[in-house]
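Worksheet: the structure to be examined is printed underneath.
The values are calculated or read from the model by the stated rules, or taken from the named source; none is laboratory data. Everything numeric here is computed off the predicted structure, so don't read it as measured data. All Cβ positions, even for glycine, are placed from backbone atoms using ideal geometry, and neighbour counts span all protein chains on display.
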Amino acid sequence: MWIKVKLYGTLRRLASPQTPGIWQGEIPEGWTIRDLLAHLGAGRYEACAAMINGAACPLETEIPADAEVVVVPPVGGGLC
Amino acid sequence: MEQKFAGFWNRILRVDLTSRTTQVVELDPLLYRYYMGGRNLALHFLLKEVAPDTKPLSPQNKLILMTSVVTGAPISGQARHTAAAISPLTGGLADSQCGGWWGAELKFATWDGIIIEGKADKLVYLWIEDEHVQILPADDLHGRLTHEVMEILRNRHGAKARTLQCGIAGENLVRYANITADCRNFHGRGGLGAVMGSKNLRAVAVRGTHRRLKIADPEKLNQIATWFSRSVKIHPAVSLHHELGTSKGIVPVSVAGMLPTYNFQDGSFEGAEKIGGETMKRELNGSTETCYACAVSCKRSVEGEKGAFKVTRNYGGPEYESIGLLGSNLGVDDIYAVAACNERCNALGLDTISTGLTLSWAVECFERGLISEADTGGLRLKWNDPHTYLDLIDAIASRRGFGDLLAEGSWAAASKIGRGSEKYSMTSKGQEFANHEPRGKWGVALGYAVSPTGADHLQAAHDPWFTNPGDPSAEFNWVDLTDLNPTGILEPVPAEDLSAAKVRLFIYLQYIWGVHDVLDWCIFTAVPEFRAISLNQLAEVVGAVTGWKTSLFEVLKAGERGVTMARAFNVRRGFSADDDRLPDRMFEPLRGGTLKGHCIDRQQFERGKQLYYAMMGWDERGVPGEAKLEELGVGWVWQLLAERSAAGRQ
Ligand code: SF4
């Protein structure tokens, strides 16, 4: 199924080169945000919070089809 | 002139504006090693020379401008300098570090710092050209925007002159007026601009020609600088910092639920993406700028126009703090409007942080019926109303109408108005919070409360970074504890926690950030979450510049010395543990956002405070003990505290 992921902070390096900060693609049904991050090559502790379709959710949440996912690293403020 | 000491001149300029005289102050060179510079050197003079009952805006207050032993060295990160005085906003210490080029320029002019005392009978400015110092009339600078003043001074003294100035807000003694370096960098907090204005001093322009400072081991410094430049290029967090600057934090912090929104009622903002770093980069035709000798180059210059919102390159672009507090915190979701309000504050010399929160206090009070049109002079206040905010920013700087009340800051304004409006002033010690919601990171809450300068987000690195153990095998760890390991911090601690482990973590981080304030070192290069350069390397930089056989231990001790001297300064001013407090809102559940319902546990907070005092070697009232001050090598500060309590008893 097709999803769009917005990546922030150092996670931006995992985005597609043509679309800075954004990764779009097919993933298998049943994947959680953690599965997706492992697939993209994120570090074990690199993500901290996420949203699916604008609503905050744990990283263990299963991703629905056509979702827009936002993932952020641990945040400080202007430093992150 | 020959520089006798590697790292410093041992020349501090004393300017008495009342008598219009200047003098060169020399110190025992050993003091440079004890203090290392910045905040510590400033506190040395403030503690010794300013009577504890001095009024902040009186001629007896002193404005201290100071560099450190590494300022002006050819390496990224050393470009800051310190300004300190008694704060007209809090009544305690104002101590602020500002980036840019001015600090290095002062050093190139053969000065380590300036002590400004007294009050000129008419508006003046200082012109420093190497050893030569002139106090010159500033009638033509009066009432002018900061950029106009900078241009006039550069036309008069050369395009290479570096300027430090208070704005119209400083001239009008707005209690949170700032001081700006070349209109791009700021001593934002604590009302230092009002202290400058109270002395009838509009600007300090400087040009130095001794541009090759004496470095004890240039080869070693060059080695570290080269490593550092490489690290800056390949480190993912730093290269992102170069690309987007601090504005990149807005959206992630909102997603994490810690972006101040509607005067700290919510922690996430529905319009965050519209004011975040990516939008700013896309919408406002921006470019990057840098500070003296810095390879990171994270500063923004922006321009653009949309309707009434015009943004020019005369001032730096908005940073994370300003975007949040003039944006989400006021419900504003238009980056042009935010940038225009930011530019207006910079042009007039207002701290964007205190301005944003004083405005949001007024809006919330109006919404709750605690302030009416009778108070505002007929204005109806509401969220997301940037046109009105722009008018109010002008009114604050000129102390016109309702602006005169707002110019006192939200706490003093609330105390004047009463009607329960104090509850909505998001302040500690009278200074407004920064763009960080502490209910998701309790170390920040402790930092806001115990900070000697009133609420301040730069007391220590923030909790979320230290909630996982990290991966020591990675060349560049993303975010974890490994960089703190050399200090003995080995285990992660949850963000919403104030246990003994958190207090210990906070204290070590406070020393580390204290080192930055002492060395006038930029936090965007060496603090743990950035670590383009490690803490051990920072100590090596000090050694290479000065020739001292120093260590991380000695450097951290200098950081600790500053934290405790700052505390002693406030104790002499009558501050106690009762002043280390937070607004009630922090102990009530967040209304909305990702962390909806989260709040700080009051019992843990109070216990955490007591643990903090005890671990610092202070008593239960937060007063530094004799043994601790002796251990820090500043036993003379204990004498000052003892004299004060003896005077109190009489
Ligand atoms: S990292 Fe940014 S703020 Fe710090 S010295 Fe470099 S350019 Fe200036």
*Within the group A:LEU59, A:LEU36, A:LEU14, which residue is in contact (Cβ under 8 Å) with a residue 24 or more places away in the chain and closer than 20 Å to B:ALA495 by Cβ?*
A:LEU59
*Considering only the range B:567-605, state which residues are over 12 Å from B:PRO452 (Cα atoms), hydrophobic (A, V, I, L, M, F, W, C) and away from chain A (no Cβ under 14 Å).*
B:LEU582, B:MET586, B:PHE587, B:CYS599, B:ILE600, B:PHE605
*Just one of A:GLY30, A:GLY21, A:GLY43 is within 21 Å of B:ASN468 (Cα to Cα) and not β-branched (Val, Ile, Thr); which is it?*
A:GLY43
*asked:* Between B:ARG189, B:ARG207, which is basic (Lys, Arg) and under 18 Å from the mean Cα position of the chain (by Cα)?
replied: B:ARG189
_Number of the exception - B:CYS98 against (1) within 16 Å of the ligand (Cβ to nearest atom); (2) over 29 Å from B:SER58 (Cβ atoms); (3) not β-branched (Val, Ile, Thr)_ = (2)
*So which helices (runs of 4 or more DSSP H) are wholly in the range B:381-475 and hold at least 2 residues that are in contact (Cβ under 8 Å) with a residue 24 or more places away in the chain, surrounded by 23 or more Cβ atoms within 10 Å (Cβ to Cβ) and assigned by TED's automatic domain parsing to the domain that holds B:ALA566?*
B:442-450
*Go through the range B:51-108 and give me each residue that's of a type in the set (D, E, K, R) and under 14 Å from B:ILE179 (Cα atoms).*
B:ARG80, B:ASP95
*Near pairs, Cβ below 7 angstrom, 6+ apart or cross-chain, from the range B:239-265 (at the interface with chain A (Cβ under 7 Å from one of its Cβ atoms) and in contact (Cβ under 8 Å) with a residue 40 or more places away in the chain) to any residue that is within 14 Å of the ligand (Cβ to nearest atom) and among the acidic types (Asp, Glu)*: B:THR246/B:GLU319
*asked:* If I filter the range B:517-527 down to residues being surrounded by 24 or more Cβ atoms within 10 Å (Cβ to Cβ) and within 14 Å of chain A (Cβ to nearest Cβ), which single residue comes out as nearest to the ligand (Cβ to nearest atom)?
replied: B:PHE524
*Give just the number: which of (1) under 27 Å from B:VAL195 (Cβ atoms); (2) of a type outside the set (Asp, Glu); (3) crowded, with 24+ Cβ neighbours inside 10 Å does B:ASN314 not satisfy?*
(3)
*asked:* Out of the residues in the range B:14-45 meeting the condition of being of a type in the set (A, V, I, L, M) and in contact (Cβ under 8 Å) with a residue 40 or more places away in the chain, tell me which one is nearest to B:THR71 (Cα to Cα).
replied: B:MET36
_Identity of the residue in the range B:299-345, away from chain A (no Cβ under 14 Å) and in a strand (DSSP E or B), that ends up nearest to the ligand (Cβ to nearest atom)_ = B:SER301
*Going by the structure shown, is B:THR564 closer than 30 Å to B:ALA6 by Cβ and either away from chain A (no Cβ under 14 Å) or surrounded by fewer than 19 Cβ atoms within 10 Å (Cβ to Cβ) (or both)?*
yes
*Can you name the number of the only condition in (1) at pLDDT 95 or above; (2) over 30 Å from B:GLU643 (Cβ atoms); (3) away from the ligand (no atom under 16 Å from the Cβ) that B:LEU535 fails?*
(1)
*Quick one: is B:ALA272 more than 14 Å from chain A (Cβ to nearest Cβ) and either among the charged types (D, E, K, R) or in contact (Cβ under 8 Å) with a residue 24 or more places away in the chain (or both)?*
no
*How do the strands (runs of 3 or more DSSP E) wholly within chain A filter down when requiring 1 or more residues that are modelled with pLDDT of 90 or more, away from chain B (no Cβ under 14 Å) and over 30 Å from B:HIS242 (Cβ atoms): which remain?*
A:2-7, A:22-26
*Looking only at the range B:107-130, decide whether some residue is more than 14 Å from chain A (Cβ to nearest Cβ) and within 16 Å of the ligand (Cβ to nearest atom).*
yes
*Candidate set from the range B:236-263 (those that are more than 18 Å from A:VAL71 (Cα to Cα) and surrounded by fewer than 23 Cβ atoms within 10 Å (Cβ to Cβ)); member that is modelled with the lowest pLDDT*: B:SER239
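A quick yes/no check of all residues on (1) small (Gly, Ala, Ser); (2) away from the ligand (no atom under 16 Å from the Cβ):
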{"residue": "B:LYS48", "(1), (2)": "no, yes"}
{"residue": "B:ASP53", "(1), (2)": "no, yes"}
{"residue": "B:LEU57", "(1), (2)": "no, yes"}
{"residue": "B:GLN60", "(1), (2)": "no, yes"}
{"residue": "B:SER76", "(1), (2)": "yes, no"}
{"residue": "B:ALA79", "(1), (2)": "yes, no"}
{"residue": "B:ALA84", "(1), (2)": "yes, yes"}
{"residue": "B:LEU89", "(1), (2)": "no, yes"}
*Do any helices (runs of 4 or more DSSP H) lying entirely in the range B:500-592 carry at least 3 residues that are under 20 Å from the mean Cα position of the chain (by Cα), and which ones are they?*
B:500-519, B:523-526, B:552-572
*Any residue at all in the range B:244-261 that is within 16 Å of the ligand (Cβ to nearest atom) and either among the aromatic types (Phe, Trp, Tyr) or over 25 Å from the mean Cα position of the chain (by Cα) (or both)?*
no
*Just need a number here: residues in the range B:600-632 that are surrounded by 15 or more Cβ atoms within 10 Å (Cβ to Cβ) and either assigned by TED's automatic domain parsing to the domain that holds B:PHE269 or assigned to a loop (DSSP other than H, G, I, E, B) (or both).*
6
*Would you mention how many residues in the range B:23-54 are closer than 18 Å to B:THR110 by Cβ and surrounded by fewer than 24 Cβ atoms within 10 Å (Cβ to Cβ)?*
7
*asked:* Taking the condition of being closer than 22 Å to A:LEU79 by Cβ and of a type outside the set (Phe, Trp, Tyr), how many residues in the range A:1-32 meet it?
replied: 11
*Any idea which residue in the range B:269-298 is nearest to the ligand (Cβ to nearest atom), counting only those that are surrounded by fewer than 24 Cβ atoms within 10 Å (Cβ to Cβ) and within 14 Å of A:VAL70 (Cβ to Cβ)?*
B:GLU278
